[in-house]
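Below: the structure, in structure tokens.
The values are calculated or read from the model by the stated rules, or taken from the named source; none is laboratory data. Keep in mind it's a predicted model, so treat the numbers as computed, not measured. Here the Cβ is made from the backbone with ideal geometry for all residues, glycine too, and neighbour counts use every protein chain on show.
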Ligand SMILES: [Cu+2]
């Protein structure tokens, strides 16, 4: 039996979130889904307004089977999932989290797109989102709001260009 403290913490968070929802789901099959998901490197660059913001994170799957991110929800506003192909972003229904792999959201690539936020997120705050998967239980993640110029890696900020928003 291998111990994975980080995953255990994520599982606890997920369980709390589910408990908060009134426990409508009692399907015990889900424990055997085969995907083992955790989330890291989550952040939101402080947006210039409440009308549009981007969010980034990395989903790691240490399990033996792939899963798919099927939707993202937030009480803060509307969230869609975008990918960037050849410099153009487009909304996607789902993104794969490969077995023993990662689904990476980063500036210039995949990103969460927030629209119609109830208020403009400010640096130092955080925005909670719930990630929904094809097989695994939902994960609740807080995106800390960073400086508008914050980037964990180099690259252009991508989001205010001629991308059709
Ligand atoms: Cu976008």
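Looking at 53, 66, which one is crowded, with 19+ Cβ neighbours inside 10 Å, under 24 Å from residue 104 (Cα atoms) and modelled with pLDDT of 55 or more?
Working: 66 fails: crowded, with 19+ Cβ neighbours inside 10 Å.
Exactly one residue qualifies, and that residue is 53.
The single condition among (1) buried (at least 20 other Cβ atoms within 10 Å of the Cβ); (2) not in a loop (DSSP other than H, G, I, E, B) that residue 90 does not meet is (1). Quick check, is residue 48 within 16 Å of the ligand (Cβ to nearest atom) and out of contact with any strand residue (DSSP E or B) (no Cβ under 9 Å at 6 or more places or on another chain)? So residue 48 passes the test. Yes or no: residue 142 at pLDDT 95 or above, under 14 Å from the mean Cα position of the chain (by Cα) and more than 16 Å from the ligand (Cβ to nearest atom)? Considered against the rule, which asks whether it is at pLDDT 95 or above, under 14 Å from the mean Cα position of the chain (by Cα) and more than 16 Å from the ligand (Cβ to nearest atom), residue 142 comes out as yes. For segment 95-137, a residue qualifies if it is more than 15 Å from the chain's Cα centre (by Cα), within 16 Å of the ligand (Cβ to nearest atom) and either exposed (fewer than 13 other Cβ atoms within 10 Å of the Cβ) or more than 23 Å from residue 150 (Cα to Cα) (or both), and exactly one does: 116. Out of all the residues in segment 58-68, is one or more within 12 Å of the ligand (Cβ to nearest atom), part of a strand (DSSP E or B) and in contact (Cβ under 8 Å) with a residue 40 or more places away in the chain? No: zero hits.
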